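Worksheet: one structure, shown below.
The values are calculated or read from the model by the stated rules, or taken from the named source; none is laboratory data. In this text the structure is predicted, and so the values were computed from the model without any measurement. No Cβ is skipped: glycine too gets one built from the backbone with ideal geometry, and neighbour counts run over all protein chains shown. What goes into the accessible areas is simple: the full protein's heavy atoms, side chains included, and nothing from ligands, DNA or RNA. Shrake-Rupley method; radii C 1.70, N 1.55, O 1.52, S 1.80 Å.
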Amino acid sequence: MRKTLIATTALMGLTAVPALSETIGISIPAATHGWAGALNFHAERTVARLSEANPDLEFVLTTTSDPGQQVSDLEDMVATRGIDALVVLPFESEPLTGPIQRIADSGVWVTVVDRGLAQEGIENLYVAGDNDSFGRTAGQYFADTLDEGAKVVVMRGIASTVDNERVAGFEAALEGSGIEVLAMDHGNWNRDTAFNLMQDWLSRFPEIDAVWAADDDMAVGALAAIDQAGRTEEMFVVGGAGMKEMVQRIQDGDPTVPVNVTYPPAMISTAIEMTALGLTSGAPMSGEFIIASELITPENAESFYFEDSPY
């Protein structure tokens, strides 16, 4: 079992670490959707800030659009750059577990972000949103809001431990509610895939009361399909991650987007900063750092809207 790391927000203000000529590799998914775009934005900004403050702390940042390329990137980091630490958000859990295990076994410090590996205990540090809470928070809203017998559809993300944990939390919250899940399929955190999936469901099901799209990009695709079908008054959509477009709609009182669930892409900054501090200072950074999810409502939406955010 992993240890739970308790850290104060003071750690997040890291601006300088001792200059020990260490190299940190960072491997994250490419900006194929909004949340990943914001992830890239925060990673690049954090690398630039820490590099300026610590000239002897080097970074190697790569992005990837598939698991095979990510494995190749990791192998290259070890072989050609001799990294001392790795911060990695696996594109998919299963195919990255073995390669990351080998890197960890070689003595490289490993921080895994967001999507956990298929085997526990490989990484030194795990930084993530609370995926069970993410799904459970959405599911509890459905249970509290919808009547017994209501019919819903569920869009899953890319096959990963993140997706599994979110769905498990959602299903647990629905237990005993009498809500019927008509269909559940993978939208892969992609607008176009979600649009096509929602079109299929709209053609198959004459009655849908709500959609859980476990990501705001999927929610955008689902909403577009619902609007095109002229069925916006029949159902609402709950996404997740706090995209500013969604938060704005909540602030505006849009009944099709009544709430949202937080899942901050800036967690990559937390992971990079904590890795740098743990690698160079000797401070105890091993364990887990879990960032809780919150329900965004019309009452608190203003606190979650950031005009300059890329997401």
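Give the residue, chosen from Gly178, Gly135, Gly139, Gly169, that is assigned to a loop (DSSP other than H, G, I, E, B) and either closer than 23 Å to Glu234 by Cα or modelled with pLDDT of 95 or more (or both).
Within the list Gly178, Gly135, Gly139, Gly169, the selection yields Gly178.
Could you run through segment 236-256 and say how many residues are assigned to a loop (DSSP other than H, G, I, E, B) and either surrounded by 14 or more Cβ atoms within 10 Å (Cβ to Cβ) or among the aromatic types (Phe, Trp, Tyr) (or both)?
Counting residues in segment 236-256 that are assigned to a loop (DSSP other than H, G, I, E, B) and either surrounded by 14 or more Cβ atoms within 10 Å (Cβ to Cβ) or among the aromatic types (Phe, Trp, Tyr) (or both) gives 7.
Restricting attention to segment 282-293, does a residue exist that is aromatic (Phe, Trp, Tyr) and within 24 Å of Thr145 (Cα to Cα)?
No: segment 282-293 contains no residue that is aromatic (Phe, Trp, Tyr) and within 24 Å of Thr145 (Cα to Cα).
Residue-by-condition table, conditions (1) surrounded by 20 or more Cβ atoms within 10 Å (Cβ to Cβ); (2) not in a helix (DSSP H, G or I):
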residue: Ala183; (1), (2): no, yes
residue: Asn188; (1), (2): yes, yes
residue: Asp192; (1), (2): no, no
residue: Leu202; (1), (2): yes, no
residue: Pro206; (1), (2): no, yes
residue: Ala219; (1), (2): yes, no
residue: Ala222; (1), (2): yes, no
residue: Glu234; (1), (2): no, yes
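Name the residues in segment 100-128 that are in contact with an Asp or Glu (Cβ under 8 Å, 6 or more places away or on another chain) and open to solvent by 20 Å² or more (accessible area, probe 1.4 Å), would you?
Ala104, Trp109, Ala118
Among the residues of segment 82-106, how many are closer than 17 Å to Gln69 by Cα, touching a residue at least 24 places away in the same chain (Cβ under 8 Å) and either touching a strand residue (DSSP E or B) at 6+ places or on another chain (Cβ under 9 Å) or of a type outside the set (D, E, K, R) (or both)?
So the count comes out to 13.
For residues that are small (Gly, Ala, Ser) and open to solvent by 30 Å² or more (accessible area, probe 1.4 Å), tally how many sit in segment 150-181.
Matching residues across segment 150-181 total 5.
What pairs come up if the first residue lies in segment 107-121 and is without any contact (Cβ under 8 Å) to a residue 60 or more places away in the chain and outside any strand (DSSP E or B), the second is surrounded by fewer than 17 Cβ atoms within 10 Å (Cβ to Cβ) and among the charged types (D, E, K, R), and their beta carbons are under 8 Å apart, counting only those six or more places apart or on different chains?
Correct list of pairs: Ala118/Glu94.
Is there any pair with a first residue in segment 167-190 that is among the hydroxyl-bearing types (Ser, Thr, Tyr) and a second that is outside any strand (DSSP E or B) and surrounded by fewer than 20 Cβ atoms within 10 Å (Cβ to Cβ) whose Cβ atoms are under 7 Å apart and which are 6 or more apart or on different chains, and what are they?
Once the first residue is among the hydroxyl-bearing types (Ser, Thr, Tyr) and sits in segment 167-190, its partners that are outside any strand (DSSP E or B) and surrounded by fewer than 20 Cβ atoms within 10 Å (Cβ to Cβ) give Ser177/Ala143; Ser177/Glu148.
Output the residue which, of all residues in segment 42-87 that are under 13 Å from Ser27 (Cα atoms) and among the acidic types (Asp, Glu), is surrounded by the most Cβ atoms within 10 Å (Cβ to Cβ).
It comes out as Asp73.
Could you check segment 30-68 and list, in sequence order, the residues that are over 26 Å from Thr280 (Cβ atoms), without any contact (Cβ under 8 Å) to a residue 60 or more places away in the chain and among the hydroxyl-bearing types (Ser, Thr, Tyr)?
Answer for segment 30-68, where residues must be over 26 Å from Thr280 (Cβ atoms), without any contact (Cβ under 8 Å) to a residue 60 or more places away in the chain and among the hydroxyl-bearing types (Ser, Thr, Tyr): Thr64, Ser65.
Restricting segment 146-165 to residues that are in a helix (DSSP H, G or I) and out of contact with any strand residue (DSSP E or B) (no Cβ under 8 Å at 6 or more places or on another chain), which is modelled with the lowest pLDDT?
Thr161
Of all residues in segment 204-222, which are within 13 Å of Val153 (Cα to Cα), modelled with pLDDT of 95 or more and not acidic (Asp, Glu)?
Of everything in segment 204-222, those that are within 13 Å of Val153 (Cα to Cα), modelled with pLDDT of 95 or more and not acidic (Asp, Glu) turn out to be Arg204, Phe205, Pro206, Ile208, Ala210, Val211, Trp212, Ala213, Met218, Ala219, Ala222.
Checking Ala283 against (1) surrounded by fewer than 23 Cβ atoms within 10 Å (Cβ to Cβ); (2) touching a helix residue (DSSP H, G or I) at 6+ places or on another chain (Cβ under 6 Å); (3) under 19 Å from Tyr141 (Cα atoms); (4) not β-branched (Val, Ile, Thr), which single condition isn't satisfied?
So the condition that Ala283 fails would be (3).
Taking only pairs six or more apart or across chains, which ones have beta-carbon atoms under 7 Å, a first residue in segment 268-289 that is free of Cβ contacts under 8 Å to residues at least 24 places away in the same chain, and a second residue that is of a type in the set (A, V, I, L, M) and in a helix (DSSP H, G or I)?
Filtered contacts from segment 268-289: Ala283/Leu277.
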